[in-house]
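Undergrad: Below is the structure I would like to discuss, written out as structure tokens.
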Amino acid sequence: MSSSKSYLSVLVRIFKEMGLKNIVFSPGSRNAPLIMAFSAEPDIRCLSIPDERSAAYFALGIAQQTGTPVAIACTSGTAPLNYGPAIAEAYYQKIPLLVLTADRPPELIDRGEGQTIRQDNVYANYIKQSFTFPSQTVTEEEHRHAEHIANEAWNISLFPDAGPVHINFPFPDPLYDFEYDTSGEVHLVQPGKTVPGPGTGKLNELAGLWNRAERKMILTGLLPPDPRLEEILTELAQDPSVVLLTETTSNLYIPGAIPGIDKVISTVSGEEADAFRPEILITLGGHIVSKMIKSFLRRHKPAAHWHISPSGQQMDTFQCLTEAVAARPDVFFDRLLPLLHTGTGNFRTTWIKRYNRSEERHHTFIKDVPFSDLKVFHILFETIPAGASVQLANSTPVRYSQLYRMKKQLTFFSNRGVSGIDGCISTAAGAVFATGRDTWLLTGDLAFFYDMNGLWHTYVDNHLKIVVINNGGGGIFRFIEGPDRSGQLDIFETPHQLSARHAAALFGIHYKEARDETTLTQAVNTLAGSGEAAILEIFTPREENGKILRKYFNHLKK
Ligand SMILES: Cc1ncc(C[n+]2csc(CCOP(=O)(O)OP(=O)(O)O)c2C)c(N)n1
Ligand SMILES: [Mg+2]
């Protein structure tokens with residue numbers, strides 16, 4: 001084969017064999033060889049999204065839903081830097097991304113060449129591994145090296161925990177000179193698939209500690225739906241010495257579990273704290289949303305904290321970690337359960353009684369609360385159809401969602417790896433592109449305007465429903481301690497009079513508005529039935545929301 005860039009065929013062929021289905025390009029010249037290489041392979045879908053920041057979050061949204069690596073590819077210069085936010089999110093949310101950045105050859109770096117920066121290992125602090133691809137594969141060694149990088153990049157993006165992997169491609173000119181070389185074999189290296197989990201000795205030791213303790217807590221973070229885990233935890237949650245705390249983003253629907261952590265913790269006084277403090281804490285899944293449980297467990301530390309994760313990550317969130325168990329949570333509990341004795345005591349009752357009291361007070365408060373963010377989320381979770389997928393934007397949407405006991409099977413996702421408000425639309429657009437399932441993005445107004453570019457492409461799926469809770473700025477800063485006392489609230493809140501109506505017009509998306517309970521309920525029902533993408537903007541009282549939420553927590557406490 002004569003063309004100068006055919007050596008890229010080995011990368012395309014290995015990724016295809018390993019299961020790559022989607023690659024999201026952002027336009028440029030330097031990445032032309034990658035565009036030509038991957039578009040020569042019919043089994044890989046090639047997408048193009050101009051804004052690299054949005055393109056990377058879109059790819060994250062696809063991989064979030066499929067669990068299969070998605071590739072992104074851009075030109076050189078600032079383009080790779082714009083991938084940064086989504087790569088950091090993928091790293092901390094453990095989502096597989098293959099980050100392909102085109103570059104100038106090394107002899108042109110820092111030599112006054114346009115669109116050129118130092119791209120080697122440019123994502124150093126939040127990338128699983130970074131490679132530089134050879135710029136030719138003339139010798140057998142060079143060919144083998146290219147195969148090695150392709151295999152290793154794919155495997156590291158998935159195992160033992162998923163995450164982003166970077167490959168930088170120094171491309172000398174000519175750029176548009178590619179012929180797909182499908183001759184000869186490509187060597188595949190099959191990755192490790194299963195994490196062995198703790199040995200019998202360790203399991204018996206942990207079971208012994210567990211059986212001797214009277215107050216055990218299981219706290220679940222961000223998790224995709226997992227029926228097997230749900231089944232095992234349902235059994236454990238019936239034990240009187242065990243309390244199971246789940247978050248909305250844990251996607252666990254377990255009778256006897258406590259899904260509203262803040263509704264309990266916010267009412268626990270200093271004197272009562274010890275009765276709510278566990279001796280043994282087990283955590284699993286991704287980051288915990290509740291700030292209240294984090295500060296409670298840091299102040300009232302359990303004697304033992306075991307974190308369960310495939311990579312055995314030492315996730316010492318509460319500064320009292322004693323065990324980092326390398327296992328898939330369902331496998332760990334499956335093997336531990338037969339060794340456990342049902343406990344005694346009233347630890348579970350203590351928590352359940354307080355939760356039930358808060359639940360009752362929640363309903364009396366919500367019934368009479370005026371139209372506000374708190375009421376809006378109540379109506380949304382009542383009216384969004386069962387079976388829908390819900391993407392929760394960061395700031396108050398993901399926090400309000402923790403206050404409601406979900407009555408029906410909704411599946412929740414949120415960028416809680418790094419909790420940025422900068423990619424919520426792009427992620428949701430990628431997610432619905434992957435599933436074609438009704439997907440409701442619940443977002444604040446700043447997060448919406450920040451990522452409007454998330455609609456700047458031709459892949460907006462009809463099942464995407466964007467609900468903008470427009471409270472005229474960063475409403476969270478009117479609730480958390482600090483900003484209002486600082487005297488600089490405006491700097492925090494960045495108040496505005498903007499409306500999403502114009503963005504809907506710009507991107508040709510259906511738009512609806514609501515300013516009260518009736519119009520909101522009607523609008524959700526209309527959107528639910530309409531087979532088209534839409535933006536529903538809900539206007540709430542900027543200066544009241546924070547006060548109402550404070551009143552709510554006081555009402556739970558009194
Ligand atoms: C990229 C990024 N910049 C800044 C922040 C800090 N921040 C957290 S919440 C928030 C305000 C979000 O406002 P909005 O989306 O309207 O949600 P609301 O608080 O009103 O519910 C900001 C700026 C962040 N999380 N991510
Ligand atoms: Mg807002």
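Undergrad: For region 404-412, indicate whether the set of residues that are outside the structural domain of I258 (by TED's automatic domain parsing) and farther than 29 Å from F365 by Cα is non-empty.
TA: no
Undergrad: A further question on this structure: Before we move on, is K294 under 30 Å from H378 (Cα atoms), surrounded by fewer than 19 Cβ atoms within 10 Å (Cβ to Cβ) and assigned by TED's automatic domain parsing to the domain that holds T246?
TA: yes
Undergrad: Are any of the residues in region 474-491 within 28 Å of D51 (Cα to Cα) and over 26 Å from the mean Cα position of the chain (by Cα)?
TA: Yes, region 474-491 contains at least one residue that is within 28 Å of D51 (Cα to Cα) and over 26 Å from the mean Cα position of the chain (by Cα).
Undergrad: Pick out the one residue from F492, F413, F479, F381 that is in contact with a Leu (Cβ under 6 Å, 6 or more places away or on another chain) and open to solvent by 10 Å² or more (accessible area, probe 1.4 Å).
TA: Going through F492, F413, F479, F381 in turn, just one is in contact with a Leu (Cβ under 6 Å, 6 or more places away or on another chain) and open to solvent by 10 Å² or more (accessible area, probe 1.4 Å): F479.
Undergrad: For the list (1) under 25 Å from Y83 (Cα atoms); (2) in a loop (DSSP other than H, G, I, E, B), I need the number of the one condition that V138 fails.
TA: Unmet for V138, out of (1) under 25 Å from Y83 (Cα atoms); (2) in a loop (DSSP other than H, G, I, E, B): (1).
Undergrad: Return the residue satisfying two criteria in turn: it lies in region 419-469 and is open to solvent by less than 30 Å² (accessible area, probe 1.4 Å) and polar (S, T, N, Q), and of such residues it is farthest from ligand 1 (Cβ to nearest atom).
TA: Checking each candidate, the answer is T439.
Undergrad: Now for a separate question. For residues that are open to solvent by less than 10 Å² (accessible area, probe 1.4 Å) and polar (S, T, N, Q), scanning just region 217-250, find the one that is nearest to N356 (Cα to Cα).
TA: Across region 217-250, the extreme among qualifying residues is T246.
Undergrad: Would you call Y511 away from ligand 2 (no atom under 14 Å from the Cβ), of a type outside the set (A, V, I, L, M, F, W, C) and open to solvent by 10 Å² or more (accessible area, probe 1.4 Å)?
TA: yes
Undergrad: Identify, please: which residue in region 377-397 is of a type in the set (V, I, T) and more than 19 Å from S290 (Cβ to Cβ) and is, among those, farthest from ligand 1 (Cβ to nearest atom)?
TA: Per the criteria, the residue is T383.
Undergrad: Something else now. Give me the helices (runs of 4 or more DSSP H) completely within region 1-119, filtered to those with at least 1 residues that are touching a Cys at 6+ places or on another chain (Cβ under 7 Å), ordered by residue number.
TA: Counting at least 1 such residues, we get 32-39, 52-66, 79-82.
Undergrad: Of the numbered conditions (1) aliphatic (A, V, I, L, M); (2) surrounded by fewer than 24 Cβ atoms within 10 Å (Cβ to Cβ); (3) more than 23 Å from S3 (Cβ to Cβ), M36 satisfies every one except a single condition; which is it?
TA: Just one mismatch for M36, condition (3).
Undergrad: Report yes if some residue within region 375-391 is assigned to a helix (DSSP H, G or I), touching a Lys or Arg at 6+ places or on another chain (Cβ under 6 Å), in contact (Cβ under 8 Å) with a residue 24 or more places away in the chain and farther than 21 Å from N471 by Cα; otherwise report no.
TA: No; the residues of region 375-391 include none that is assigned to a helix (DSSP H, G or I), touching a Lys or Arg at 6+ places or on another chain (Cβ under 6 Å), in contact (Cβ under 8 Å) with a residue 24 or more places away in the chain and farther than 21 Å from N471 by Cα.
The values are calculated or read from the model by the stated rules, or taken from the named source; none is laboratory data. Remember, it's a predicted structure, so these values are computed and weren't measured experimentally. Backbone-built Cβ (ideal geometry, glycine too); neighbour counts: all protein chains shown. All accessible areas refer to the heavy atoms of the entire protein, side chains included, with ligands and DNA or RNA removed. Shrake-Rupley method; radii C 1.70, N 1.55, O 1.52, S 1.80 Å.
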